[in-house]
1. Given the conditions (1) open to solvent by 40 Å² or more (accessible area, probe 1.4 Å); (2) over 28 Å from N247 (Cβ atoms); (3) not in a loop (DSSP other than H, G, I, E, B), which single one is not true for F79?
2. Does K60 fit the bill of being at pLDDT 85 or above, out of contact with any Gly (no Cβ under 8 Å at 6 or more places or on another chain) and not hydroxyl-bearing (S, T, Y)?
3. From the set of residues in the stretch 247-257 that are under 47 Å from the mean Cα position of the chain (by Cα) and open to solvent by 70 Å² or more (accessible area, probe 1.4 Å), which is farthest from I184 (Cα to Cα)?
4. Which residue is most open to solvent (accessible area, probe 1.4 Å), if the candidates are limited to the stretch 137-162 and must be in contact (Cβ under 8 Å) with a residue 24 or more places away in the chain, assigned to a loop (DSSP other than H, G, I, E, B) and under 23 Å from Q268 (Cβ atoms)?
5. Let me confirm something: among I280, I269, which residue is under 30 Å from V221 (Cβ atoms) and surrounded by fewer than 14 Cβ atoms within 10 Å (Cβ to Cβ)?
6. Does E12 satisfy the condition of being part of a loop (DSSP other than H, G, I, E, B), open to solvent by 60 Å² or more (accessible area, probe 1.4 Å), of a type in the set (D, E) and in contact with a helix residue (DSSP H, G or I) (Cβ under 9 Å, 6 or more places away or on another chain)?
7. Looking at A180, A115, can you tell me which residue is surrounded by 12 or more Cβ atoms within 10 Å (Cβ to Cβ), in a strand (DSSP E or B) and touching a residue at least 12 places away in the same chain (Cβ under 8 Å)?
8. Using the structure shown, decide if S129 is among the hydroxyl-bearing types (S, T, Y), at pLDDT 85 or above and exposed (fewer than 12 other Cβ atoms within 10 Å of the Cβ).
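The values are calculated or read from the model by the stated rules, or taken from the named source; none is laboratory data. Quick caveat, the model's predicted, so the values are computed rather than measured. With ideal geometry, Cβ positions are generated from the backbone for all residues, glycine too; neighbour counts draw on all protein chains shown. Side chains included, ligands, DNA and RNA excluded: accessible areas come from the protein's heavy atoms. Shrake-Rupley method; radii C 1.70, N 1.55, O 1.52, S 1.80 Å.
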Amino acid sequence: MASIQACKDTAEAVELNELLGFFLKPLAKLNICVQLPSLKTPGKSISNWEVMEKLKKMVKPEEFIVLKVSKTTLEFIRFEGEVENKSTLKVVLGRLDGSTIKLSGFADVLKVRAAEAKLTFPARHDWDSFFRDAKNMNEMKPGERPDTIHFQGLPCKWFAENNSDSGKPSDKIIRQVFEAFGEIRCIDIPMLDPYRQDIDKSVGKISTFSFGQDLTFEAYVQYREYMGFVKAMDALRGMKLMFTNENKFYAAVIKVEFDKTKHLSDRQIRKRRLEREKLITLEKEREERVQKERKEEEKRKEEERQKLKKEEEIKDHKLKEKLLKKKERRLLKEQKRKEKLLEKKEKEKAKEYALQQRRELVLQRKEQAVHLLKNLFERIKLLKQREEVKRKMEEIERERICQLELENRRRLEEVKHRLEEEKQQQERLKKREHLLRNKLIKNLKKHEEKKTEEMREKLRKEIAGKRVLKSVLVAAPTSSKSLSSEDLSSSMTGTNFDSFHHNFRSSFNCNRGFYRGAKSYHGLGPFKRSSCYGLRWTLPYPQPFPHMKQQLQNKGTLKSYYKSHCNR
C-alpha cells in the first residue's frame, strides 16, 4: 500500500501532466543511527518512541513527514525519515549529525549520526547488463529489451475516471500521464483483468496478498522507443508522485522497476490471451452446466412439491378425524376436572379453617412468649445496670486511690528533690568556701614569701656589701705583713669583687637555717649570742678569693684573716 501524505511545500515539484494534476517531487530521505549505551541494570530498556520524540524536538521548527524504525539491535537503533524537500534535508542533517540525546533514567548520552539515504533505483548500467547477459532475451522484439517499466503502489483514486463509481484505474489516464516521456506502445493493468489470478495460477506465478491492495495497483507501461523508456526512468529516479485535487496536494512513494519478466512481449501477451479465451470457454461451459443442473433441480423440486401436496391432503383428513376425537376426549376431561375442582375447593376450605385455628393458637403463644421475654429482658437489664453502677463505683474508687498514690508519690519526689537541691547547695557552698580559704591561704603564703624574699634580699645586701667589706678592710691593717690598700682595692674591683661576692653568697646559702635565725634574732643575720663572745658566727668561715688565699699564705697572714673574721 502506498503511503499517501499531504504535501505542504510544492516549490521543488516538476510538472508531469498539469491538466490531470500530476507532478513529480524529489524524495528527501535520510537515515538516522542512534548509538545505545550498555544496559547494566537488568530489566531496563530504552523506548523507541521516546527516542523518536527527542529526534522530532531536535529538528524543530522543521518536521518529519515520515519517521519509522528500520532496525533495532542492542548497540544501535536505525530510523528512516523523510522531510518535505532537499533544502530542509540539509538543515535537518546539520542539526542531527554529531548531536547527543539525554534520556531519563540513563547517565550516558546517546550519540546521533545522520546521513542522506541512498535511493534504490535502477541505473542504465543495471538494465544494460541485465538484457546483455540474459540468454532468453531478443533485443529486436518488444518486451524483451529495455522498454517496459513496472509501476507498483499507484493510488487507484488518482487514476480513476471522474464519472466512474467503481474507483478502478483507467488505462487512458495512465497513457495520458506517462506519454510525457514518449509514445507508449502498450499498457497492462492486472487489476482490470478479472481472469488474471486464474491465469497466474495456470502459469505458475505465486499471487501475494497485502492489506489495502484494492487502494493501489500495479501497471506495466511499454514505450515504443528506447529514448522514451530512458527519459521516464531518468525523470522518475529519486522522485515521488504528487497529485492535486481541489487545491490540495498529496504525495505517494511509488516503486519503479524495469521489467525483467517479458510481461509485455508478444509471446506473453498471446499466452495470456489464449489462457483468457480458455478460461472464458470454461466459464461458459460451467455456466451452461450450472443452468442445466438448475433446470433439473427445479423439475425435481416440482415433482417433490406435488408429492408433498398429496401427502399433506391425506394428513389433513387424518388430522381432522383426530381432532374430533381429541375434542370429545377434552370435553370428558373438562367435566371430570370440574368435579375434581369442586372436591378440591371443599377440602381446601376445611384445610384453611384448620390452618386458621392453628395460626391463631401460634399467635397467642407467640404473644405470651414475647411478654415473658420482655419481662426477662427487663430483669436482665436491671441486673446489668446494677452491675454497671457497681463497676463504675469500683472504677471511681480505684481512680481516687491511684490519684492519692500519685499525689503522695509526687509530694515525696518534691521533698526528695528539695533535699537533694539543699544538699547540692550546701556542697556548692562548701566547695566555694574551700576555694576561698585556699585562695586566702595562697595569697597569705605569697605575701609571707614576698616579705621573706625582701628581708633576704635586704640581709644579703647588708652582709654582702657593708659588713663583708668592712671586715675585710678592718682585718687588713692588723697584720704588718698584710696586703697594701692598693692591692686590696685592686682585688675588690672588677671581676675579683664579683667572684668574692659569689663565694660569700654560696657560703651563706649552704645552710637554710640562716634565714630562720635571722628572723628570730631581730635582724642579726648569721650570728648567735654567746656567753663569752657576744655574737658568734654560725656558718662556715667565708673562703677568701683564690688569688688572695695564695698571697695570704705567702705572707703568713691567712691565720690572722680567719681570726679577724671570727672575732667579728
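1. Among (1) open to solvent by 40 Å² or more (accessible area, probe 1.4 Å); (2) over 28 Å from N247 (Cβ atoms); (3) not in a loop (DSSP other than H, G, I, E, B), the lone unmet condition for F79 is (1).
2. Answer is yes for this residue.
3. K248
4. Looking at residues that are in contact (Cβ under 8 Å) with a residue 24 or more places away in the chain, assigned to a loop (DSSP other than H, G, I, E, B) and under 23 Å from Q268 (Cβ atoms), I get K141.
5. Numbers: I269 fails: surrounded by fewer than 14 Cβ atoms within 10 Å (Cβ to Cβ).
After ruling out the rest, the residue left standing is I280.
6. So E12 fails the test.
7. None of the other options fit; the residue is A115.
8. Yes; evaluated as a whole, the condition is true for this residue.
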